[in-house]
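Asks: There's a structure below that I have some questions on.
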Amino acid sequence: MRSVFFTLLLLLSFKANAQYNISYYAYGSPLDFFGGFNAKPLNIYPTSGSNFFFYMRDSTHGVELWKGDGVTAPTMVADLNPTKDILEWNLKTEVGAMCSINGVLYFSVTDAAHGAELWKYDGTNPPSLVADVVPGIAGSAPCYMQTMGGKLYFGAFKDSVEAVTFPSSRNMFVYNPTTNTVSPVIARSNQIKLRYRMYVEGTKFIYVSGNTSDSLRIYGYEPSTGTEALYITPMTGQTILPRNLYKWNGKYYFTATDATYGYELYEAPASGGNAVRITDINPGTGSSIDPTCNAYGEPRYVGFGNYLYFFAQPSTSSPEAYKYDPATGNVSLQNYNVGIGYYGGIAYNNRLLFGGMQPNTRTATYNVAEPCVFNGVDSPKVIRNLSTSQNGTYPLGWVMSADSTKILFAAGGDDYANNPKKIFTLTDSTFVKDTSTGTSVQTVRQVVEAKAYPNPVKEVLNIEVKVPQSMALQVQLVDNAGRVLYNNNLKKYNRGIVTINVNMVGYAAGIYYYRITDETGKTVSMGRVLH
C-alpha cells in the first residue's frame, strides 16, 4: 500500500470564522486492468476512539480490509484473499458492509474458498470466518448490517441463484455471538428481501423490502416476536415504490413514484403510518428527485438544523437546491450555486459538511462536486478545490470518528472524475491560511418564500408570498391527484409581500398543495395544506 501524506490547507470565513484543515490520508496503488475503479475506498467505518476501518485496493494485495486513525499511516488488517479476485470489489460496495458489537468488527470478505461471506475481527486475533452461508465461490455477499439486543442482523443471498435473480435484494439473517450461529429470518411465505439499509426504531427494524423491483414497500420487523408488518402506508389510491429511506428529526423521508407522479420526495412519522408527498417540483409524471443512491448508499438529501435540503430538477433543466421546512410544509428553491447533500453529508460543530454539486446554471468558476460547508445562514462555500480541473472530486462517505475529533471522507482525483479512490481527513482544530481556495459566486435567482394559513383550512386559504424583486409568478392549488383547482395565471409582482386568497368552501377533505412557478415554469416554492 502506497500511502501519501501532504497537507492541503485552507482559510474559510463565515460569521463565526470557521476554518478547516483537510489532509490527504490514503491512496491505494492502481490496478492497471481495472481502469477507473482502482483504489476505491468504500464503507469507511468508525470504531473506538479515532480509529477507522475501510476497504482499499492495491496492486499487491487486491481489495482488503485496512485500518487507521486518519493521522498515522493506515495498515492492512490481513491479506485474506491472496488471489486478488477482480470480482471481489463489487461485493464490498454495498451499503453497510461493516458493523461492530462489543468491540468486535463484522465485515464482508471475499476469498477463493468461500466467496463473499461474513467475517469478524476482534483487534487482536486474526480475522476469522463467521459462517459460510452460501458454500462455494459464489458467496452470500453480506451487507445492510445492523445490531439489536447484542445480535447482528444483516442482508445476504440465501443461494447462488438469488445473486442473479435479485442482485439488489438480500434476505435477512441474524448472527448470535453467544451461540456463534447464523440463521435466516423468515416473516412471510419467503424471506425478507432487504433493500438499501435498515434503521432501528424502538424494538423494530425499519427497511425497504420487496420480492421484485416493482413491489417495494417500507416494513417493520419485530425480532422479539418474529413478525413483520407494513410500517409506512402509501398514500390513498397510490402504489409507490420507495427508495433511499432516510431518518431525520423524528421522521422518515424517501423517494417514491406512482402512475400519476414521477419520483418525488415523501415523508412519514418515525412511529409509522401514512406517507405524505412533500414535492411535485416537476409537475405531473415528470421526476424531480434522483431515485438512485450515491456510491455509499446515501440518498440525495440531507437534514441539517430545522430543514431538509435536497437537489431536485424542476423541469428538463438542471437540478437546483431546495429547502424543506417540516414545521410549515413549505418547499422553496434556494439561492445556492451548489446542491446540498447530493453526495451525502454530515453535521460537525454546528455546520454541515457535504459533497456539493453545481447546477448547469452556475456562474462560479470553481470546480464542481467538491467538499463544501454550510452554516445554515450564509450561502454554502467550497472548503477546498481538491481537483485542479473542472472535473471535481465528488466527495462522499462522510464519517465522524467515535471521539468526534475528525471526519474521514472519500474523494476522487483529476485522473478519474466521480471515482472516490482517495481518503481525506478533515478537522477544524488547526487554523491556517490558504489564499488559493475557490470562492462561491451568488446565482442571480432570488429565493421566493411562501407560507399558507390557516393550515388546516376550513374556508379561505391565504397564500402569502414574499417577492424578493419585481418578477412574474404563477400560483396554483392542486389536489392530491395533481388536478389544478386554482390558477391565478402568470402575473408580474413588485417586490414585497403578496397574499393570494383561495376560497376552499366545498372542497373535499384531504391534502392539497400550493405551487408557485416563475416565468420559466420552474417551481420556486410549494407547500402542503390540509383541508
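Asks: Please sort 114-123, 219-228, 504-513, 271-280 by packing, taking for each peptide the average over its residues of neighbouring beta carbons within 10 angstrom, highest first. Each step should come with its number before you reach the end.
Replies: Numbers: 114-123: 21.8, 219-228: 15.8, 504-513: 13.6, 271-280: 18.4.
So the order, starting with the most tightly packed, is 114-123, 271-280, 219-228, 504-513.
Asks: For THR405, what charge total do you get from the other residues with a beta carbon under 11 Å from its beta carbon, if Lys and Arg give +1 and Asp and Glu give -1?
Replies: Details: positive: LYS406; negative: ASP69, ASP403, ASP428.
Residues near THR405 contribute -2 overall.
Asks: Exceeding 21 Å between C-alpha atoms, which entries from my cross-link table qualify? They are LYS204/LYS247; LYS451/LYS491; LYS67/LYS247; LYS323/LYS466. Walk me through the intermediate numbers first.
Replies: Details: LYS204/LYS247 14 Å; LYS451/LYS491 19 Å; LYS67/LYS247 28 Å; LYS323/LYS466 16 Å.
Checking Cα-Cα distances, LYS67/LYS247 exceed 21 Å.
Asks: Pull out the extension gain between LYS466 and ASP403, defined as 0.36 nm times the separation in residues minus the alpha carbon to alpha carbon distance; nm, one decimal.
Replies: Working: separation 63, 0.36 × 63 = 22.68 nm, distance 4.36 nm.
Between LYS466 and ASP403, full extension yields an extra 18.3 nm.
Asks: Hey, rough spin-label estimate for ASP159 and LEU490, points 7 angstrom out along Cα→Cβ, what's it come to in nanometres?
Replies: Placing both labels 7 Å along Cα→Cβ, they lie 6.0 nm apart.
Asks: Students often check this: by mean Cβ neighbours within 10 Å, which of 283-294, 148-159 ranks highest, and how do the rest follow?
Replies: Working: 283-294: 17.8, 148-159: 20.3.
By packing density, highest mean first, the sequence is 148-159, 283-294.
Asks: Another question, if that's okay. How much length is gained if the chain between THR181 and ASN306 is pulled fully straight, taking 0.36 nm per residue apart and subtracting their Cα-Cα distance, in nm to one decimal?
Replies: Working it through step by step, the gained length comes to 40.7 nm.
Asks: Still on this structure, please answer the following. I want to check the label-to-label distance for GLN474 and SER48. Put each point 7 Å from Cα in the C-beta direction and report it in nm to one decimal.
Replies: 6.2 nm
Asks: Also, quick follow-up: Given labels modelled 7 Å from the Cα in the Cβ direction, how far is it in nm from SER315 to THR292?
Replies: 2.5 nm
Asks: List the aspartates and glutamates whose Cα lies under 17 Å from the Cα of LYS422, skipping any in the same chain that are fewer than 8 positions away.
Replies: By straight Cα distance, LYS422 reaches ASP32, ASP58, GLU64, ASP69, GLU370, ASP414.
Rule-based calculations on the coordinates, nothing more; no lab input. Fair warning: this is a prediction, and the values are worked out from it, not measured in the lab. Please note: Cβ atoms are built from the backbone with ideal geometry, for glycine as well, and neighbour counts cover all protein chains shown.
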